[in-house]
Amino acid sequence: MSGYSTYVLSDRARVEEGYDVAEVQRFREDVAEAVDCIRSLDGLIHEPSRLAVMTVLRIRGEEAYGEFVRLTGLSKGNLSNHLAKLERAGHVEVGGHFEGKKPVTTVLLTEHGRERVEAYWDAMMRAAMKSGGPPPGRSKKATVRRRKGEDHG
Amino acid sequence: MSGGVEMGLDKEVEKLEDREPANAANREVAAISRLVFEPRRFAMLNLLSGGGKADYPFLQRMTDLSMSALATHLRKMERGGLIEVRKEFVSRRPKTFVVISPEGKRALEDCFTRLKRARRHDVDTQASLFDGPQVAGASPQGGVA
C-alpha cells in the first residue's frame, strides 16, 4: 500500500500534511453539491423508464400512447403502469379523442409535470458538472534534476 | 464478478440494436442500469468517482441512510463490481474504506453518456418541432417587427 495516495473522504479527516487547504475545501463542496443535487431529484422521474417517457413529453408536450412504445422501447404493459404512476402524481394527463372512428389515447404533459422535468434536468446536469472531479493531491517535493556535466574543457 | 455490470449493459445495448435505430437516445435512457441509477447508489458512485476513498460514517452522512441500509446498498454495488471495499489499519484499528472500481467508473460514465445524449437529442429535434402547435415557449424565429 505504499505510495497509495488517494484522498480520504471522511468527516474526521483533517487536512493532512501536503494537501492544499483551499483545494480540499473546494473538492468537499463539489462532492456535497453533487450529492445534494442527486438527492433533490424527483424520485418519480428518476426511474429510467419514466425518465424516458418524461423526456419525450418534455419536447413533444403531447404524444399518442402508441408512439411511446416506439420511442422508449418499453412494453405496453410496462408503459401503462408507469404512465398511471405519473398521472396519479399529476405529472401527465391521459386523455383521448377520435380520429375518424378510431379512438386515440394521448398523453399530455401538465404544467406541474413540465416544471418537475425541467427541474430534474437542471439538477442532473449540475450534478454531472460537479462530480467526477479529481480529488486533491499531495504536493510533491520538487525533484531536483541533476544535469551531468559534459563539458570537460 | 467484474463482468456482471458490463454483461448487463451489453445485453441491453443488443436489445436496443434489435429495434429500429431511430430515437435510440430515449431507449438508451429507459435501459439505464438500475443498479447504478438508484438515487442513493448513484450519489455514492458520484462522490467516489473522482478517486477518493470514503469511510462508512461519511457515506452515511452524505446519503442519510441507516447503517444497515447503507451496508445493503454497498453489498449490492460490490457484488455488481461497481465498488471495492477495503480494510485498512488506521492507528492500529481496522477501518473500512470504499473506493470505486474501474467497472464502476465505466458504468457511471455510460449512464451520464446516455443522459447527455437524450438531452442533446431533445435539442436537435426541437428545430423540426417549431411548426408544431404543442411546443410551449418555442418562439418562432424571424418575423419580428
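A few points about this structure:
Residues are listed down the side, and each one gets a yes or a no for (1) closer than 28 Å to B:Asn46 by Cβ; (2) crowded, with 20+ Cβ neighbours inside 10 Å:
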residue	(1), (2)
A:Val56	yes, yes
A:Phe68	no, yes
A:Leu74	yes, yes
A:Ala89	yes, no
A:Gly96	no, no
A:Thr110	no, no
A:Glu118	yes, no
A:Ala127	yes, yes
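- Residue within the stretch A:27-49 that is modelled with pLDDT under 90, part of a helix (DSSP H, G or I), farther than 19 Å from B:Phe37 by Cα and more than 9 Å from chain B (Cβ to nearest Cβ) present: yes
- Scope the stretch B:55-106; condition among the polar types (S, T, N, Q), away from chain A (no Cβ under 14 Å) and part of a helix (DSSP H, G or I); matching residues: B:Ser68, B:Thr72
- Condition check for A:Lys141: more than 10 Å from chain B (Cβ to nearest Cβ), closer than 25 Å to A:Ala13 by Cβ and either surrounded by 13 or more Cβ atoms within 10 Å (Cβ to Cβ) or modelled with pLDDT under 55 (or both): yes
- Only residues that are hydroxyl-bearing (Ser, Thr, Tyr) and at pLDDT below 90 were counted in the stretch B:64-107, giving 1.
- Matching residues in the stretch A:25-84 - criterion: being among the polar types (S, T, N, Q) and in contact (Cβ under 8 Å) with a residue 60 or more places away in the chain: A:Ser40, A:Thr55
- Being assigned to a helix (DSSP H, G or I), without any contact (Cβ under 8 Å) to a residue 40 or more places away in the chain and surrounded by fewer than 20 Cβ atoms within 10 Å (Cβ to Cβ) is not true of B:Ala43.
The values are calculated or read from the model by the stated rules, or taken from the named source; none is laboratory data. Just so we're clear, the structure is a prediction, and the values are computed from it rather than from any experiment. Here the Cβ is made from the backbone with ideal geometry for all residues, glycine too, and neighbour counts use every protein chain on show.
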